[in-house]
Amino acid sequence: MAIEFRDVTKYFGKKRVLENVSFTVEKGEVVGYVGLNGAGKTTTIRIGVGVLRPSSGDVLVEGYSVVREKRRASMHIGWVPEYPIFEQDFKALDYFVYLAGYYGISGGEARRLGRRLLEEVGLGDALDKKLAEYSQGMKKRFALAVSMINEPENYFFDEVLNGLDPQGIAFFRDLVLRLKRKGCAILFSSHILSEVENLADRVVFIHRGRIVAVHTMDEIKGMAKPALRIKVGRIDEGLMETLKSLGEPERKGRIIVLRNPSRSPDEILRILVEKGYPVEAMAPVEPSLEEVFFRIIGERR
Ligand SMILES: Nc1ncnc2c1ncn2[C@@H]1O[C@H](COP(=O)(O)OP(=O)(O)O)[C@@H](O)[C@H]1O
Ligand SMILES: [Mg+2]
């Protein structure tokens, strides 16, 4: 496997922020790393790329320990931090060339590579712009280009979709699929499950520093149950009993949400009206991934 987190635990002072985090990302696999703000995603990724040391445990990238063989591991890692920080005074291409120097690429070769990668991320028109004039989305794109300097096979993207416009999101999706086809391993974090929906093969859920579930995207979609919103003029025991025979009713004030209905909406309407209940409105609820997310981490919104 390409990336392997092994029992990673991290303390900040006395506070335990990660507890025995273990999971893998295979070659050619895209894994979403999903959890609420503060769950520990950024800390995990910073440990994974070797800029932060775990209190215990290890991460292997291409079999190299990021703790004991950091330099070797780094050669195989591309990283886009949550908040990329660059020298604002540089022009984009010049700064790229400067950064390429760290990877032993210099001069004309570095400029050629910079042109190609910056064009690839859609910054071809902004090569000579100062980074200070770059928008948030452009900075993300720049960071993506930088993460590809050494053509690594393993990528860590931290909340990379955050702050991107729809065009930027579409672009990121294409890029990830291209890397995936090349056999790269990609881990990308998000605090929004639906954000990883069209991209992740698997999702690792982290909650309060612990991995609470790992599911394929197909499994997750299967967990998003269909539901009906029903507004009835009179709600009583009898109605709830009837609805329990037709699905999983949950009362929300004057509305009832019926999950996993066993009959069609037409049939449910007929049954309720026949029993004398004044049905005022009935409409399907789009199955929500966020609802699944909160169910998985076991918390209410
Ligand atoms: N350098 C640090 N020192 C102390 N606490 C930190 C530090 N970095 C992160 N934390 C804490 O660790 C927890 C996890 O943070 P983080 O990994 O950034 O979560 P996420 O990326 O999922 O939002 C939070 O409670 C955060 O406040
Ligand atoms: Mg974070």
Query - Residues 292, 49 arranged by fewest to most Cβ contacts within 10 Å - result: 292, 49
Query raised in the report: What residue among 13, 40, 73 has its Cα farthest toward the positive end of the dipole of the range 1-140, where the charges are +1 on Lys, Arg and -1 on Asp, Glu, each on the Cβ?
Result: 13
Report summary line: The lysines whose Cα lies under 29 Å from the Cα of residue 139, excluding any fewer than 8 residues away in the same chain, are 27, 41, 70, 91, 129, 130, 180, 182
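Taking a cut-off of 22 Å, what percent of all Cα-Cα pairs in the range 224-297 are separated by more than that?
The calculated P(r) of the range 224-297 puts 18 percent of pairs beyond 22 Å.
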Requested in this report: Please report, in debye to the nearest 20, how large the charge dipole of the chain is about its Cα centre when each Lys and Arg carries +1 at its beta carbon and each Asp and Glu carries -1 there.
Outcome: 640 debye
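Quick check on the range 137-282: what are the equivalent-ellipsoid semi-axes from the Cα gyration tensor, as sqrt(5λ), descending, whole Å?
Largest first, the range 137-282 gives 46, 15, 13 Å.
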Query - Added length on full extension, which subtracts the Cα-Cα distance from 0.36 nm per residue, residue 88 to residue 192 - result: 34.5 nm
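Under 8 Å for C-alpha pairs, at least 6 residues apart: give me the relative contact order for the chain, rounded to a whole percent.
20 percent
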Query raised in the report: Using θ = phi - 60° and the Karplus curve 6.51 cos²θ - 1.76 cosθ + 1.60, what whole-Hz ³J(HN,Hα) does each residue of the range 187-192 get, with Gly and Pro shown as x?
Result: 10, 9, 9, 7, 9, 10
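Taking 0.36 nm per residue of separation and subtracting the Cα-Cα distance, what length does fully extending residue 263 through residue 136 add?
Values: separation 127, 0.36 × 127 = 45.72 nm, distance 4.83 nm.
Once the chain is fully extended between residue 263 and residue 136, it gains 40.9 nm.
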**Report entry** Efficiency of FRET from Cβ geometry, residue 72 and residue 170, R₀ 45 Å, rounded to 0.05
**Finding:** 0.80
Report summary line: Of all GluC sites (Glu not before Pro) in the range 127-205, the ones in DSSP coil with at most 16 other Cβ atoms within 10 Å are 197
Report summary line: Low-density loop trypsin sites (Lys or Arg not before Pro), the range 94-136, at most 11 other Cβ within 10 Å, DSSP non-H/G/I/E/B, are none
**Report entry** Positive-end residue of 294, 170, 118, charge dipole of the chain with Cβ unit charges
**Finding:** 294
Report summary line: The alpha-carbon center of the range 1-62 and that of the range 267-295 are separated, in whole Å, by 41 Å
Query raised in the report: Using the reciprocal of the averaged 1/r over all distinct C-alpha pairs, how large is the Kirkwood radius of the chain in Å?
Result: 21.7 Å
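FYI, it's all coordinate maths here, none of it is from the lab. Nothing here was measured: the structure is a model prediction, and the numbers come from that model. Note that we place each Cβ from the backbone using ideal geometry, even for glycine, and neighbour counts take in every protein chain shown.
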